[in-house]
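Have a look at the structure below, then the notes.
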Amino acid sequence: MKRLELLCVGKIKEDYLNAGIAEYVKRLGRYCDVVVTALPDMPDSPTEAEEESKALSARFDGFVILADIGGKAVTSEEFSELIGRAYLTHPKLQFVIGGSRGVTDELRRRADARVSFGRVTYPHKLMRLIAAEQLYRAFTIAEGLPYHK
């Protein structure tokens, strides 16, 4: 079975976000083994982004898609195609969301793909819910299901 990891930084305290993420993780379970891995936030410091990026990069062991405002803007259909192509060569896909201070250029270079869900900035914890929904949407598009209209 396909494996999917939502790899991110920080613990979510808001119940409504956790409930939404849990719902989409449950739905994704029809299509893949899915896990959400939340690495700890680093203390505020000038090197916070570097430390979090190193911790994220150390976990890379699949096809890595980075959520990045500077990445390629994709439609839901294009996102689904990207995921489908990734699974042709990798049994595991990792969707990465950096912390509130972003990620380093080194991490950007190590990612297999960088995607943008628009030019606006989302709180990184809300982005986890958005990513979970978009991943679910991508799988339903690939299956030809009517979720995506």
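The values are calculated or read from the model by the stated rules, or taken from the named source; none is laboratory data. Everything numeric in this text was worked out from a predicted model, so none of it was measured. We place every Cβ from the backbone using ideal geometry, glycine too, and count neighbours over all the protein chains shown. Areas reflect the complete protein model, heavy atoms only, side chains present, ligands, DNA and RNA absent. Shrake-Rupley method; radii C 1.70, N 1.55, O 1.52, S 1.80 Å.
Residues LYS11, LYS72, sorted by accessible area with the largest first, give LYS11, LYS72 [1.4 Å probe; ligands and nucleic acids excluded].
Using the heavy atoms of the protein chains and a 1.4 angstrom probe, tell me the accessible area per residue for region 1-132 in square angstrom. Intermediate values should be presented prior to the final figure.
On the way: 7090 Å² over 132 residues.
With the other protein chains kept in place, region 1-132 gives 54 Å² per residue.
Bridges between two residues of the chain, per DSSP, are antiparallel at a rate of about 5%.
How large a share of the accessible area of the chain, in percent, is made up of carbon and sulfur atoms when the probe is 1.4 Å and the other protein chains stay in place? Of all accessible area on the chain, carbon and sulfur atoms account for 53 percent.
Each of LEU39, GLY10, LEU28 was scored by the projection of its Cα onto the charge dipole of region 1-59, and the greatest displacement toward the positive side belongs to LEU28; charges sit on the C-beta of Lys, Arg, Asp and Glu. Helical runs assigned H by DSSP (4 residues or longer) give the chain a calculated mean residue ellipticity at 222 nm of -13500 deg cm²/dmol, each run adding -39500 (n - 2.57) before division by the residue total. Each Cα pair under 8 Å and six or more residues apart adds its sequence gap; the mean of these over the residue count of the chain is a relative contact order of 34 percent.
Only loop residues by DSSP count here, and only those with at most 14 other Cβ atoms within 10 Å; note down the GluC sites (Glu not before Pro) in region 3-46 that meet that. Mind showing how you got there, number by number?
On the way: sites: GLU5, GLU14, GLU23; in loops: GLU14.
Taking region 3-46 and a limit of 14 other Cβ atoms within 10 Å, the loop GluC sites (Glu not before Pro) found are GLU14.
For the chain, the number of Lys pairs with C-alpha atoms closer than 17 Å, counting only pairs eight or more positions apart or on separate chains, is 4. Taking amide H atoms as placed 1.01 Å from N in the peptide plane, the amide H of VAL64 lies under 5 Å from those of GLN94, ASP112, ALA113, each 5 or more residues away in sequence or on another chain. Note on region 42-88 and region 131-149: Cα centroid distance 19 Å, given to the nearest whole angstrom.
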